[in-house]
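Trainee: So that we are looking at the same thing, I have put the structure below in structure tokens.
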Amino acid sequence: MRDRLKQIQELAVSELNQADKKEILEEIRLKYLGKKGELTQVLRGMGALSAEERPVVGQLANEVRAEIEKILEEKTSAIAKAEYAEKLKAETIDVTIPGSKQLKGSLHPLELVKTELTEILRSMGFSVVEGPDVELDYYNFEALNIPKGHPARDTQDTFYVDDDVVLRTQTSGLQIRVMENSKPPIRIVAPGMVYRSDTADATHSPVFHQMEGLVVDKGVTMADLKGTLAEICKLLYGKESKIRFRPHHFPFTEPSAEVDVSCFVCGGKGCRVCKGEGWIEILGAGMVHPKVLETCGIDPEVYSGFAFGIGLERVAMRKYDIDDIRLFYENDVRFLKQF
């Protein structure tokens, strides 16, 4: 049995010295020191030894086990250090190597137009306000002089949540919210998403963006409205831009007008973009209806005001020569990366 123990020690030490991986060390440990290992099997046979031999063999077995465990620990530590050194070598960073090119995103064309318009209006003294997309019928229609039964309230055009709540069809409702809680002078711009029950095609979308402007003060006239819009168009489309008013009707303004801007491509001579007319329609505007002012607690005998609403998609389409509104919402990277 003593010979067998010495043989186990020699074999184990030899195998451990040749091992170069943690997995191999574990296999050797199980082979000699495990529950079914060779050293364990030898120790189980000690019961057949005489009383004099047992202490001698037991001491030798402990020495063999200690020697194997010592070498096992040393090899485990050495292999771990070698693996760590190899890992450091593989992960070394050469800071002189040029970095990989990072792809950068850009602002959406609608956000570009919104930002540009907002900055123009801020420079003219307007404050930006925001409001809920899900709006009360009162703010979206009634307070804007659009009574029940008016064609603009038809379910063909409006998304109703219930009889008293809608997805806002215009940002004009923010006019009412501001005028209810503020005293003149008022000068605000309200950008936001609006919703109408339209079938999506090249020029229509059930979801689009508006920017509503409102000014209320003493002595505000149609000339102030025209001067403000003319300045906006010059800053947006160039100093040579001109505007014209065409009579129109909006329930919440009186008088009302559709506003065209001279074609920024041909300068008013007529081209494909303006369809040969020399003018492009960009927004609706007018003087705030006295009834709307009165509804908000503002005396129309003392104060007057004007309002205008710009469709951001329409401005962006004209500005960037885009012929299909759906491109704004399809998230095609080939389209978006141009901006």
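Trainee: Just to confirm a number: summing +1 for Lys and Arg and -1 for Asp and Glu over residues other than residue 185 whose beta-carbon lies under 9 angstrom from that of residue 185, what do you get?
Mentor: Spelling it out: positives minus negatives among the neighbours equals +2.
Trainee: Here is a further query. Nearest 10 degrees, 0 to 90: what angle lies between the long axis of helix 109-123 and the longest principal axis of the chain (Cα atoms)?
Mentor: 60 degrees
Trainee: Would you mind checking which residues have amide H under 5 Å from residue 270's amide H? H placed 1.01 Å from N; only 5 or more apart, or other chain.
Mentor: Correct list: 278.
Trainee: Which links in 226/275; 104/242; 148/183 stretch past 30 Å when you go from one Cα to the other?
Mentor: 104/242, as the Cα separations exceed 30 Å there.
Trainee: Then there is this: Just add up the charged neighbours of residue 322: K/R +1, D/E -1, any other residue whose Cβ is under 11 Å from the Cβ of residue 322. Mind dumping the intermediate values first?
Mentor: Numbers: positive: 314, 318, 319, 326; negative: 313, 321, 323, 324.
With Lys, Arg at +1 and Asp, Glu at -1, the net is 0.
Trainee: With θ set to phi - 60°, apply the Karplus curve 6.51 cos²θ - 1.76 cosθ + 1.60 along region 72-82 and write out the HN-Hα couplings as whole Hz, x wherever there is a Gly or Pro.
Mentor: 4, 5, 5, 5, 4, 5, 5, 5, 4, 5, 5
Trainee: Could you tell me the distance between the Cα centroids of region 9-43 and region 256-305, to the nearest Å?
Mentor: Cα centroid to Cα centroid, the span is 92 Å.
Trainee: Considering the convex hull of the alpha carbon atoms of region 2-90, report its projected area averaged over all viewing directions, in nm², one decimal.
Mentor: Taking the Cα atoms of region 2-90, their convex hull projects to 5.8 nm² on average.
Trainee: Another question, if that's okay. If eta is 1.306 mPa s and T is 10 °C, what Stokes-Einstein diffusion coefficient results for the chain, Kirkwood Rh from Cα pairs, in µm²/s?
Mentor: Value of D from the Cα-based Kirkwood radius: 59 µm²/s.
Trainee: May I pose another question? Against the longest principal axis of the chain, how steep is helix 2-18, in degrees 0 to 90 to the nearest 10, with axes from Cα atoms?
Mentor: Taking Cα atoms only, the helix is inclined about 30 degrees.
Trainee: Per DSSP H run of at least 4 residues, take -39500 (n - 2.57); add these up for the chain, divide by its residues and hand me the 222 nm value, nearest 500 deg cm²/dmol. Don't jump to the answer; show the numbers that get you there.
Mentor: Details: 11 runs with 137 residues, N = 339.
Result for the chain, helices only: -12500 deg cm²/dmol.
Trainee: What are the ³J(HN,Hα) values, in whole Hz, obtained from phi via the Karplus relation 6.51 cos²θ - 1.76 cosθ + 1.60 with θ = phi - 60°, for each residue of region 297-305 in sequence order, with x given for Gly and Pro?
Mentor: x, 10, 6, x, 7, 9, 10, 9, x
Only the coordinates and a few stated rules stand behind these numbers; no lab work does. Keep in mind it's a predicted model, so treat the numbers as computed, not measured. In this analysis, Cβ positions are derived from the backbone assuming ideal geometry, glycine residues included, and neighbour counts consider all displayed protein chains.
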